[in-house]
Amino acid sequence: MKTKGSHEVVEKWLKAWSLSRKLPLPVRYQSGFKVEVGEEKQKMRYVFSEVNNDFLELSNQIDDSWIYLKVCASPDEVTKVVSEKWILQPPGYMMCCFGPMKNAVTDLCKGYRIESEEYNSTTVIKIITESGEQASIGRIVLVDDLAVYDRIVTEENHRKKGLATFLMRELEKIALSKDISNNFLVATEQGRTLYQSIGWELYSNYTSIVIPGI
C-alpha cells in the first residue's frame, strides 16, 4: 500500500468520478483538484494526493460548512494536523487491480437479467429481477488508460447471491474490450472485503473531512 496517491491517478480518478455523476470536471487547485458538486450537503470537494502545505493551508482557510477535503492519507495522518472544526468521515480505501479479477462468478443467478446504458464516458450495468426490481447496479468510466468503477451497490435483500461479483466481471469486460487493465475504485469498509476477495489490492487510504452544518 502507498502512503500517498499518485497525482496522475487521483486526477484521472476524480475526472471519472465527475463524469459518472454528470458534474463539472475537476479543475486544478494548487497541488490538488476542486470539483463544484452543488449539493446541499456537499457544495464542493477538494482532493489531494497527499497531506502537504496546500492541504493544510486550505483546511485553515475554510470555515464554511459542507465543503469536503479528501486526501490519500490515513485518518490518523489527517486528524493530527487539522483543526477540531473538521469532522472525520467514515474511512475510504482507494483500491487497484492490474490483472484479471479472480474467483469471478461466471453465471448470473437464475431469475435475474442485465441491462446497460451509456452516457459521457460512463457505462451503467444493472441487474434486474424478473419483476423489474433493480437488484444491483454499477458504473465504469474509462479515462485514458484508467478504468474507474463507481457506485457499486447491491440491494440488501439480493445480497449473498454473487450479484456484485458478476456485476464487477461484466464491468471489467468493458475495460478489457478497450485493452485497459488499470482498474481503480474507492471502497467503503464493507466493500473493501468484496473487492479483496476478487483480487483487488489497497492502493492508499482515502480520508474525508468536512465541517458539518448546524
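Read-outs throughout are calculated quantities, based only on the coordinates presented, and are distinct from any laboratory measurement. Owing to the predicted nature of the structure, the values given are computational and were not obtained by experimental measurement. Ideal geometry is used to build each Cβ from the backbone, glycine not excepted, and the neighbour counts take in all protein chains shown.
Loop-located chymotrypsin sites (Phe, Trp or Tyr not before Pro) in the stretch 64-100 (DSSP state other than H, G, I, E, B) with a sparse environment of at most 13 neighbouring Cβ atoms within 10 Å: PHE98.
Under a 5 Å amide H cut-off, with hydrogens placed 1.01 Å from N, ALA187 pairs with TYR93, MET94, MET95 among residues at least 5 apart or on other chains. The angle between the Cα long axis of helix 163-177 and the main principal axis of the chain comes to about 80°, on a 0 to 90 degree scale.
Annotation for the stretch 11-79: GluC sites (Glu not before Pro) lying in DSSP loop with at most 11 further Cβ atoms inside 10 Å of their Cβ are GLU40. In the calculated pair-distance distribution of the stretch 97-203, the portion above 16 angstrom amounts to 55 percent of the Cα-Cα pairs.
Remark: ASP145, ASP150 ranked as ASP145, ASP150, counting other beta-carbon atoms within 10 Å and listing the fewest first.
Within straight cross-link reach of LYS15, meaning Cα distance under 23 Å, which lysines are found once same-chain residues fewer than 8 apart are removed? Result set, ordered by chain and number: LYS2, LYS4, LYS34, LYS41, LYS43, LYS70, LYS126, LYS173, LYS178. Please state the shape class of the stretch 1-110: rounded when a/c is under 1.5, otherwise prolate if a/b exceeds b/c and oblate if not, all from the C-alpha gyration tensor. Because a/c hits 1.5 or more and a/b exceeds b/c, the stretch 1-110 counts as prolate. Shown here are the Rg and Dmax of the Cα trace of the stretch 25-84, at 11.2, 31 Å.
Loop-located trypsin sites (Lys or Arg not before Pro) in the stretch 60-106 (DSSP state not H, G, I, E or B) with no more than 16 neighbouring Cβ atoms inside 10 Å: LYS80, LYS85, LYS102. Across ASN120, ASN157, ASN60, mean-square fluctuation computed from a Gaussian network of the chain (C-alpha pairs under 10 Å connected) peaks at ASN157. Considering only alpha-carbon pairs that sit under 8 angstrom and 6 or more positions apart, the relative contact order computed for the chain is 29 percent.
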